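Worksheet: the structure to be examined is printed underneath.
Nothing in this text is a laboratory measurement; each read-out follows from the coordinates by a stated rule. All values derive from a computational prediction rather than experimental measurement. No Cβ is skipped: glycine too gets one built from the backbone with ideal geometry, and neighbour counts run over all protein chains shown.
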Amino acid sequence: MLANLTALLSTTLRMATPLILAALGGMFSERSGVINIALEGIMLIGAFTAMAGSYFFSPWIGVLAAVIVGMIIAAAHALVSISFRADQIVSGTAINIFAAGITGFLLRLIFGDAGQSPSVQDVGTWKIPFIKDIPVIGGVFGEQIPFVYIALIMVGVSYWILFKTPFGLRIRSVGEHPAAADSVGINVIGMRYIAVIMSGFFAGLAGASLSVGLLDLFVKNMSSGRGFIALAAMIFGRWTPQGAMLAALLFGFADALQMLAQTIGLTFVPRQFLLMAPYILTILALTGVIGRSTPPAADGDPYIKEEV
Amino acid sequence: MASGNNLAVEMKGITKRFPGVIANDRVDFELEKGEIHALLGENGAGKTTLMNCLYGFLNADEGEIFINNKKVEVTDPNVAINHGIGMVHQHFMLVPPFTVTENIVLGKEPTENNMIDYKTANQNVRDISKQYGLNVEPTAKVQDISVGMQQRVEILKALYRGADILILDEPTAVLTPQEVEELVKIMESLTDEGKSIIFITHKLKEVQSIADRVTVIRSGKLIDTVKTDTVTTNELANMMVGREVILEVEKEEANPGEVVLEVEDLYAKNDRDLMALNGTSFSVKRGEILGIAGVDGNGQTELTEVLTGLRKKEKGTIKFKGREITKPQTKRLFEEGISHIPEDRQKRGLIMEFKLYENLILGRHDRKPYASGLNLNNKKIKEEARRLIKEYDIRTPSETVQAKSLSGGNQQKLIIAREFDRKPDLLIAAQPTRGIDVGAIEYIHNSLIGQRDNNKAILLISLELDEILSLSDRVAVIYEGKIVDILDIEDATEEKLGLMMAGAESEEVKGGGQVG
Ligand SMILES: Nc1ncnc2c1ncn2[C@@H]1O[C@H](COP(=O)(O)OP(=O)(O)OP(=O)(O)O)[C@@H](O)[C@H]1O
Ligand SMILES: [Mg+2]
């Protein structure tokens with residue numbers, strides 16, 4: 001029983017990790033006023049890049065490459081939606097479709113397999129001294145893939161950036177009332193670029209956590225909707241790092257429960273219901289059934305100076 | 001022309017074009033150090049545009065700008081801020097969910113270890129707010145404070161950045177008379193410190209009493225710059241409109257008919273869930289204008305909203321044309337003959353992204369002749385739009401531009417055109433002339449009188465006592481959601497109303513009328 005509980009919580013944390021990272025990315029982007037549904041695609045490309053990096057060099061070089069590629073693709077989204085003021089949803093969708101295509105193509109081209117890559121070296125686990133010896137807690141936090149710790153630290157760092165620094169205040173002002181920010185000399189376009197590129201950093205990292213963290217290979221379409229669940233976590237968490245983390249943990253818990261139920265052969269709840277949980281909770285959050293969730297006021301609106 | 005050495009700002013030959021409009025056409029403007037300089041002009045004359053060019057919010061197509069006798073390329077607001085210019089915009093530039101302090105320090109935050117030093121920031125805000133007598137609450141969120149305080153935040157924002165040239169774009173349009181008085185004191189204390197102020201307003205009385213000099217522009221062109229003590233208000237009005245303007249409203253005796261709207265014991269809550277209407281009762285007859293006078297925030301907004309079906313009533317009865325309306329529904333009410341000029345034209349009156357012709361048929365868009373079956377008859381709609389634009393003198397390059405490209409006054413005329421054209425039985429006009437120039441005010445006032453003489457019932461809700469006194473046939477004073485008293489216009493004097501608006505009972509005000 002205790003072993004099951006420890007396993008359940010430990011899995012929860014692992015399953016929540018890519019969600020937390022991607023949700024933080026979405027948060028920075030939307031806080032600045034740019035909707036980024038390309039998280040899904042950037043994660044997928046990040047996962048592929050990390051795997052390939054590990055295959056040819058080393059797992060950590062793979063992670064670095066995933067992050068860089070994530071930022072480059074996010075920059076493309078920024079260019080299209082901020083400078084060209086194209087529809088942000090369309091741009092995001094295009095990137096998602098592109099991501100599925102390019103990773104599938106490269107998978108076949110480089111590894112000659114349409115379904116999955118060969119197994120590569122993953123980043124392993126980190127053991128935390130002392131903590132790992134505490135019962136239950138040690139089982140959950142004592143030894144995890146590095147991404148778990150990185151994600152938790154990033155939540156704190158993001159909170160600090162967003163709510164404690166001038167940079168964060170400016171990001172938020174640009175997402176709430178860009179003309180007001182402009183009127184005190186803040187570079188609206190520049191801030192949005194930075195925020196969207198940051199979201200690429202996080203989504204790339206989230207992707208890497210899938211292919212060289214949770215698993216040790218790339219599987220076709222392996223992000224499988226996690227980018228969207230991350231957006232759901234961001235909304236459910238009211239565009240705050242700590243909220244997004246809690247939401248991601250909740251969704252991760254539903255996932256872990258579903259996996260546990262399968263392994264020990266419990267069937268009292270169909271697993272599909274647990275898989276649905278993130279979406280249902282998000283809809284409830286949006287409709288105000290569980291605490292109203294309002295997006296930044298200028299979320300999704302391109303900024304045009306002459307139209308103030 | 002050689003620059004005098006006492007000029008804070010000199011703008012030479014400023015031209016700014018928008019698609020289809022020349023907003024500024026070779027305008028020259030001078031601001032002396034330490035003066036209050038009024039900028040006067042009709043709606044759409046180009047005042048805001050000129051100031052946006054000075055502040056770097058817009059870039060002029062032609063012309064030169066000198067600040068403190070130095071030529072400056074004001075490419076963006078940062079340049080202006082660095083040269084000591086601060087601007088309080090016509091539509092406030094504040095971030096609603098941020099605190100007062102956050103709004104003030106935004107872009108120039110005091111830091112400690114890379115973090116915003118909120119303690120110092122709050123202290124700085126308190127210090128300058130004390131220095132200039134601008135009372136604000138540093139930790140309150142902007143979305144929760146009054147418009148008057150928001151404006152003080154805007155001024156503090158400029159002062160915090162060390163501005164010594166201040167641009168105030170229609171600062172008094174949204175203020176109560178008391179708040180205006182306060183603002184004037186603040187402006188005077190600022191000029192005593194050697195700061196210079198550019199002050200945009202439509203109120204000629206304010207120009208005369210506050211400003212040292214005034215520059216008048218019309219249709220983007222400079223008309224003249226004069227000392228305010230050398231001109232009369234009438235002369236100013238004529239300069240600005242380019243024709244004779246009659247500032248006083250002329251009207252015949254009213255000839256009231258049957259009661260159209262009867263409100264009894266109405267209760268309603270405001271957005272913060274507090275009771276805003278506390279048993280309001282009054283009635284409006286055909287052929288009369290009932291004015292509702294009161295200080296802002298005494299239930300006026302809620303009253304309009306309940307009467308137009310935009311807010312739920314808690315209790316009380318509303319009778320329209322003799323029939324009780326139990327569940328006010330906006331669309332039904334409008335179809336039965338209520339028209340509404342809302343107090344917030346951008347939020348409630350227009351869809352800013354829609355074209356003029358689309359805005360002009362809102363509410364009637366599903367009926368003949370504008371719609372046939374499922375289709376909109378765009379040809380007919382545009383034709384009607386052109387007629388209304390002509391009839392109501394809406395200044396626009398065409399009916400196909402977006403509502404947001406019109407100046408404030410012309411946006412208001414657009415609403416008036418739509419609402420009058422519906423030929424209502426009852427017209428609810430809330431703040432119909434807020435932020436509007438004298439020429440347009442004359443027009444709107446005459447139209448309201450015209451509607452009255454056409455045997456319509458008119459409920460006029462206004463914060464401007466002058467407007468209430470010159471248009472109404474009867475005046476109801478609202479205080480804390482209750483009608484204190486209803487006076488015939490002959491009995492209503494400014495002092496009497498002023499006292500009642502502050503909550504004095506009618507008996508305390510000598511010789512009050514009968515209680516409504
Ligand atoms: N962003 C814009 N795009 C297109 N036209 C504009 C824009 N801003 C202003 N205009 C036009 O420029 C002209 C001048 O507008 P401006 O806002 O400067 O007038 P204003 O004198 O400030 O009027 P008001 O008293 O109503 O505020 C108007 O005809 C207006 O329609
Ligand atoms: Mg203006």
- Note on the structure: Amide H proximity to residue B:279 below 5 Å, modelled H, separation 5+ or other chain, gives B:266, B:267, B:268
- Note on the structure: For the pair residue B:494 and residue B:346, the simple spin-label estimate (label points 7 Å beyond Cα toward Cβ) gives in nm 3.1 nm
- Along the charge dipole of the protein assembly as shown, which of B:162, A:194, B:183 sits closest to the positive end, that is, farthest toward it, with unit charges on the beta carbon of Lys, Arg, Asp and Glu (+1, +1, -1, -1)? A:194
- Query: Looking only at the range B:418-439, which residues have a backbone nitrogen under 18 Å from a spot 7 Å from the Cα of residue B:223 in the C-beta direction?
  - Reply: B:435-439
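Hey, what's the Cα Rg ratio for the range B:147-221 versus the globular rule of thumb, 2.2 N^0.38 Å?
Working: Rg = 12.5 Å, N = 75, 2.2 N^0.38 = 11.3 Å.
Normalised Cα radius of gyration, the range B:147-221: 1.10.
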- Note on the structure: Within the under-12-Å Cβ sphere about residue B:337, not counting residue B:337, Lys/Arg +1 and Asp/Glu -1 give a net charge of +3
- Query: If you project the alpha carbons of the range A:39-147 onto the principal axes, what extent comes out on each, in Å, largest first?
  - Reply: 54, 35, 21
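Using a 10 Å cut-off around each Cβ, can you sort B:372, A:173, B:472 from fewest to most neighbouring Cβ atoms? Walk me through the numbers on the way to the answer.
Working: B:372 11, A:173 30, B:472 24.
Arranged by neighbour count, lowest to highest, B:372, A:173, B:472 become B:372, B:472, A:173.
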- Item | Semi-axis lengths (Å, descending) of the ellipsoid that matches the C-alpha gyration tensor of the range B:4-241 | 30, 20, 16
- Distance in nm between residue A:263 and residue B:362 label points, each 7 Å along Cα→Cβ, equals 5.9 nm
- The percentage of Cα-Cα pairs in the range B:354-401 separated by more than 12 Å is 58 percent
- Query: On average, how many beta carbons from a partner chain sit within 10 Å of the beta carbon of a residue in A:182-195?
  - Reply: 4
- Message: Output the 0 to 90 degree angle, nearest 10, between the alpha-carbon long axis of helix B:438-453 and the longest principal axis computed from the alpha carbons of chain B.
- Response: 0 degrees
- Part-to-part distance (alpha-carbon centres) for the range B:68-121 and the range B:1-54, which is given in Å: 23 Å
- Query: Cα centroids of the range A:50-87 and the range B:226-298: how far apart, whole angstrom?
  - Reply: 61 Å
- Residues whose modelled amide H sits under 5 Å from the amide H of residue B:174, counting only those 5 or more places away in sequence or on another chain, are none
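Can you tell me what percent of all Cα-Cα pairs in the range B:212-315 are more than 16 Å apart?
That fraction is 71 percent.
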- What list do you get for A:105, B:57 if you sort them by fewest beta carbons within 10 Å? A:105, B:57
- Net dipole in debye of chain B [+1 Lys, Arg Cβ; -1 Asp, Glu Cβ; about Cα centre; nearest 20]: 2240 debye
- Note on the structure: With the dipole of the protein assembly as shown defined by +1 on each Lys or Arg Cβ and -1 on each Asp or Glu Cβ, the option from B:415, A:9, A:39 whose Cα lies farthest towards the positive pole is A:9
- Message: Positive end of the dipole of the range B:4-241, charges at C-beta (+1 Lys, Arg; -1 Asp, Glu), about the Cα centre: which of B:120, B:211, B:143 has its Cα farthest in that direction?
- Response: B:143
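Distance check, please: which entries in B:331/B:413; B:251/B:312; B:321/B:482 exceed 30 angstrom between their Cα atoms? Kindly include the intermediate steps, with their values, before the conclusion.
Numbers: B:331/B:413 22 Å; B:251/B:312 36 Å; B:321/B:482 23 Å.
B:251/B:312, as the Cα separations exceed 30 Å there.
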- Query: For residue B:62, which sequence-distant residues (separation of 5 or more, or a different chain) have an amide H within less than 5 Å of its own amide H, given hydrogens modelled in the peptide plane?
  - Reply: B:15
- Item | Partner chain coverage, peptide A:169-175 - average Cβ within 10 angstrom | 4
- Note on the structure: For the range B:267-273, Karplus-derived ³J(HN,Hα) couplings (6.51, -1.76, 1.60; θ = phi - 60°; whole Hz; x for glycine and proline) come out as 10, 7, 9, 8, 5, 8, 6
- Message: Run the paramagnetic zone check for residue B:91: 7 angstrom along Cα to Cβ, then residues of the range A:169-195 with backbone nitrogen under 17 Å.
- Response: A:174-184
- Report ³J(HN,Hα) in whole Hz for each residue of the range A:254-261, in order, from the Karplus equation J = 6.51 cos²θ - 1.76 cosθ + 1.60 where θ = phi - 60°; Gly and Pro get x. 4, 5, 5, 4, 5, 5, 5, 4
- Message: Please compute the Kirkwood hydrodynamic radius of chain A from all pairs of different C-alpha atoms, in Å with one decimal.
- Response: 19.7 Å
- State the extension gain, in nm to one decimal, for the chain segment bounded by residue B:178 and residue B:402, taking 0.36 nm per residue of separation less the distance between their alpha-carbons. 77.0 nm
- Task: Consider all pairwise Cα distances in chain B and report the whole-number % of them above 34 Å.
- Result: 42 percent
- Query: Percent relative contact order of the range B:1-89, based on C-alpha pairs within less than 8 angstrom and at least six residues apart?
  - Reply: 31 percent
- Note on the structure: Using the Kirkwood radius over Cα pairs of the range A:1-99, the Stokes-Einstein translational diffusion coefficient at 4 °C and 1.567 mPa s, in µm²/s and rounded to a whole number, is 87 µm²/s
- Query: For the range B:64-70, in order, what is each residue's ³J(HN,Hα) by Karplus, 6.51 cos²θ - 1.76 cosθ + 1.60 with θ = phi - 60°, in whole Hz (x at glycine and Pro)?
  - Reply: 10, 10, 10, 10, 6, 6, 10
- With T = 25 °C, eta = 0.890 mPa s and Kirkwood Rh from C-alpha pairs, the Stokes-Einstein D of the protein assembly as shown in µm²/s is about 81 µm²/s
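Counting only DSSP beta bridges with both residues in the protein assembly as shown, what percent are antiparallel, rounded to the nearest 5?
Values: 52 of 88 bridges.
Once the DSSP bridges in the protein assembly as shown are tallied, antiparallel ones form about 60 percent.
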- Message: Using only the alpha-carbon atoms, how far is helix B:147-160 inclined from the longest principal axis of chain B? Give it as 0 to 90 degrees, nearest 10.
- Response: 10 degrees
- Assertion target for B:199, A:163, A:218, B:92, ordered by fewest C-beta neighbours within 10 angstrom first, is A:163, B:92, B:199, A:218
- Helix B:408-421 axis, angle to chain B major axis (alpha carbon atoms, nearest 10°): 10 degrees
